[in-house]
1. Look through the range 11-29, keep the residues that are assigned to a strand (DSSP E or B), of a type in the set (A, V, I, L, M) and surrounded by 14 or more Cβ atoms within 10 Å (Cβ to Cβ), and return whichever of them is modelled with the lowest pLDDT.
2. Could you list all residues from the range 202-222 that are within 15 Å of the chain's Cα centre (by Cα), over 14 Å from residue 111 (Cβ atoms) and either β-branched (Val, Ile, Thr) or crowded, with 18+ Cβ neighbours inside 10 Å (or both)?
3. Could you count how many residues in the range 1-10 are closer than 9 Å to residue 241 by Cα, open to solvent by 50 Å² or more (accessible area, probe 1.4 Å) and among the hydrophobic types (A, V, I, L, M, F, W, C)?
4. Hey, could you check the range 126-154 for residues that are part of a strand (DSSP E or B) and surrounded by 16 or more Cβ atoms within 10 Å (Cβ to Cβ) and say which is modelled with the lowest pLDDT?
5. Which of the residues belonging to the range 73-116 are open to solvent by 10 Å² or more (accessible area, probe 1.4 Å), modelled with pLDDT of 85 or more and farther than 14 Å from residue 216 by Cβ?
Amino acid sequence: MKKDITLKLLSPLMHYGDERMGTMQIARCMKFEYDGEFIDIPVYSGNAFRGIMRRIAMRDFLEKIGIAEEGISPKLYYLLFTGGTLTGGGRFCEIGEKREMRRLCPPLSLFGSAIGDQIPEGKMKVGIFKPICKETEDYTGKHSDISFYDMLEEIFYTRRDDLKSTNCDLIQDSEDKKDKKENPVQMKYDMQALSAGAKLISSIIIENSNDIEESCLESIIEKFKEMPYIGGKSATGHGEVEITYEGNKDSNLYYDYLEQNKEEIRNWLRDLEGKL
């Protein structure tokens with residue numbers, strides 16, 4: 001199964017790599033061939049979006065089977081939410097156990113995880129999100145007369161030192177307080193962002209998928225729409241998106257499956273937790 005997915009930015013997106021220019025954080029870029037040369041084009045990582053989807057899926061899964069309120073061990077949390085860690089001498093290695101995992105935990109079947117000394121691969125692949133612009137037309141298949149250069153903007157924020165303001169009366173008298181009032185510490189920081197209105201396109205592929213796994217994906221997309229933010233500084237409004245995804249499965253199929261098999265799934269998960 002392959003589905004195209006489009007994210008339209010409703011507010012500027014902040015998504016960075018390791019590169020900095022002075023105090024400015026530079027947008028994450030990858031090289032693409034355009035007009036005979038390779039140029040850096042801003043992208044949104046498929047790995048980042050996959051991570052958001054994973055956290056949504058696992059929390060929803062635990063809530064639906066009634067384990068979220070009971071709590072889980074740190075090892076099980078890492079296995080479900082972050083992909084787990086390889087450990088020597090793990091007891092989760094039989095083919096039958098892997099099949100059981102895929103049957104009883106559709107999110108793990110989609111995302112995979114390290115369990116013991118094995119890494120059952122997830123079925124779901126999420127591509128890199130590329131901006132729809134004239135430089136990426138050969139890669140997105142979408143015509144555009146707009147250059148990605150026109151989509152980039154520089155945003156800055158300042159961090160004020162409140163010790164020189166009215167809050168200073170909360171601090172005990174000291175030489176340090178006096179110095180802070182006379183020499184406040186303030187900071188300006190800059191960020192490169194993709195502007196609101198830009199569209200990013202990618203695709204989601206599930207290899208050898210079944211109806212329950214495809215319905216599980218539908219449930220994840222529906223949950224994402226309730227909190228549609230990607231990238232950094234979402235707490236201050238950045239990275240809000242409108243998602244377009246043409247699904248053909250009803251999420252109720254997945255939820256009905258969890259309800260019908262709740263006790264078996266709960267017992268399996270607690271047994272797995274004891275083996276970690």
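1. 24
2. 202, 221
3. Residues that pass the stated criteria total 1.
4. It comes out as 152.
5. 73, 74, 75, 77, 78, 81, 82, 83, 99, 100
The values are calculated or read from the model by the stated rules, or taken from the named source; none is laboratory data. Source: prediction; values computed, not measured. Glycine also receives a Cβ, built like all others from the backbone with ideal geometry; neighbour counts cover every protein chain displayed. Surface areas here come from the heavy atoms of the whole protein model, side chains and all, with no ligands, DNA or RNA. Shrake-Rupley method; radii C 1.70, N 1.55, O 1.52, S 1.80 Å.
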